[in-house]
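The block underneath contains the structure these notes are about, expressed in C-alpha cells.
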Amino acid sequence: MKILSRILALLLLCQLGFAQEVDDGDPLLNRPADRTYDIILESGYLKVGVYENFPPYSYQVDGEPRGIDVEIGKRIAEEMGVEFRVHWIVPDENLGDDLRNNVWKGHYLAKRRLADVMMRVPYDKKYAYMQDSTGEYINEQVVLFGPYQQETWQIAFNPEKLDAVDTVAVFQYHPIGVEIDTLPDFYLSSGLQGRLRSQVRHYTNVREAFAAMRNGEVSAVMGMRAEIDHEMSRPENGDFQPASNGFPAIGKQVWDVGMAIKHTHRQLGYALEAIIGDLVKSGDLQSLFAQLDLRYSVPQYYREFLSEEALAKAAGEL
C-alpha cells in the first residue's frame, strides 16, 4: 500500500507540474503545458496569439503591442479578470501551419510557445471540416469559433490619376500596387484573362504600396479593407479615395474573422465566445474599430439570427 500511495502521489505531482505554465527557454523536446480554462484563471493571465507586424490588426509601437486584435484581446482578458499577454505569431506557409505551431502542438524549435487563443482566423465551416485524401479531418486538433468581424477587399486610388474605379478593368491601363503573394496579387495578375498582369506592381506590404502611390508609381492599391482604412487615416494619404467597385470571380468578397483554440479546451472556447458575443451585440466592437479609424461590419454569423434592431445596435447605428 505504501508503494501504491507513493506512485499515486508521484503521478499527481507530475500532473501538477505539467499543468503549470513554463518559460519558453525550456528544453526543445518538452511538451506544452495544458492550459485549461481553470488553469488560465488561476495563473492570472491569458496568452493571446496575434500576427506580428500586421497593421492595423497587430503590430508594435516602441515595443508595445498595438492594433485592433490586440485591443480585442485586452478586452477579453479584462472580462475574464486576468492579465493580457501577447503571443506573437510569425506566419508560416499556410494557416494550418500557423494553427499547429501556435495553438495545438508548438513549433519544433519552441514546443512550449503556445497561445491560449489565436486571433484573426477565418471563420469558415468548409475549412474547419476539410478532409484529406483518407477522409481524416485536417483541422481536428483545433476549434474555429467566435467570429468578431466581417472583412472584405478594398481598393484605394489617387484621384489625380483616376476619376473613379467602377471596375477592375481600368487597371488594364493604370498600375496598381498589391502585397506580393496575396489573393489580390493572384486575382489581379490573372484577371480578365491576364490583361491586367503587366500593370500589377508588387510590394512587401500595403504600407509600401501606399508609399509607391504617393510617389506616383501606381494609381491605386488593393488590400483588405482594414489595411486600406488604416493607411488612409494617415495624414500623408489624406488625398486618396476608397473605390466602390466589386471583385467578380474573386472567390470570397467578404468573410468572417474569428478565433481558434485547441480542441480539448472547449470550456475556454465557450467563455470567450460569450464575451465576444456581448461585445458584438452591445456595439462595443464597432466603437473599438471606430476609435482606430476602421470601418466595422457585423459578421454574417450574427446576421442570421439577430433582429434588424439588434443588428443596427451592433453596427453602431442606434
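Rule-based calculations on the coordinates, nothing more; no lab input. Keep in mind that what you see is a predicted model, and the values were worked out from it rather than measured. Neighbour counts are summed over all protein chains in view; Cβ atoms, including those assigned to glycine, are modelled from backbone coordinates with ideal geometry.
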Contour minus Cα-Cα distance for Gln131 and Asp284 (0.36 nm per residue): 51.4 nm
13 Å reach of a label modelled at Asn215, 7 Å along Cα-to-Cβ, counting backbone N of the stretch 148-165: none
The stretch 209-258, Rg to Rh (Cα coordinates; Rh as Kirkwood inverse mean 1/r): 1.01
Intensity falloff of the stretch 80-220 expressed as log10 I(q)/I(0), Debye formula with alpha-carbon point scatterers, at q = 0.13 Å⁻¹: -0.79
Principal axis dimensions, the stretch 43-95 - Cα atoms, whole angstrom, descending: 34, 24, 16
Filter on Lys74/Lys313; Lys74/Lys262; Lys105/Lys281; Lys74/Lys161; Lys125/Lys281; Lys252/Lys313 - keep pairs with C-alpha separation over 31 Å: Lys105/Lys281; Lys74/Lys161
Footprinting exposure proxy for Ser198, Ser219 (fewest neighbouring C-beta atoms within 10 Å first): Ser198, Ser219
Rounded, prolate or oblate (a/c below 1.5 giving rounded, otherwise prolate when a/b exceeds b/c) for the stretch 200-318 by Cα gyration tensor: prolate
Residue order, fewest to most beta carbons within 10 Å, for Glu273, Glu140: Glu140, Glu273
Mean separation of Cα contacts under 8 Å, 6 or more apart, over the residue count of the chain: relative contact order %: 19 percent
Low-density loop cleavage sites - GluC sites (Glu not before Pro) in the stretch 36-95, where at most 10 other Cβ are within 10 Å (DSSP): Glu93
Cut-off of 10 Å, at most 16 other beta carbons, DSSP loop: longest stretch of the chain lacking such trypsin sites (Lys or Arg not before Pro): 1-104
Stokes-Einstein D in µm²/s, Kirkwood radius over Cα pairs - the chain at 4 °C with 1.567 mPa s viscosity: 60 µm²/s
Histogram of C-alpha separations across the stretch 152-242, 5 Å bin width, %: 3, 16, 30, 28, 17, 5, 1, 0
Relative exposure of Leu311, Leu279, Leu188, judged by other C-beta atoms within 10 Å (fewest first): Leu311, Leu279, Leu188
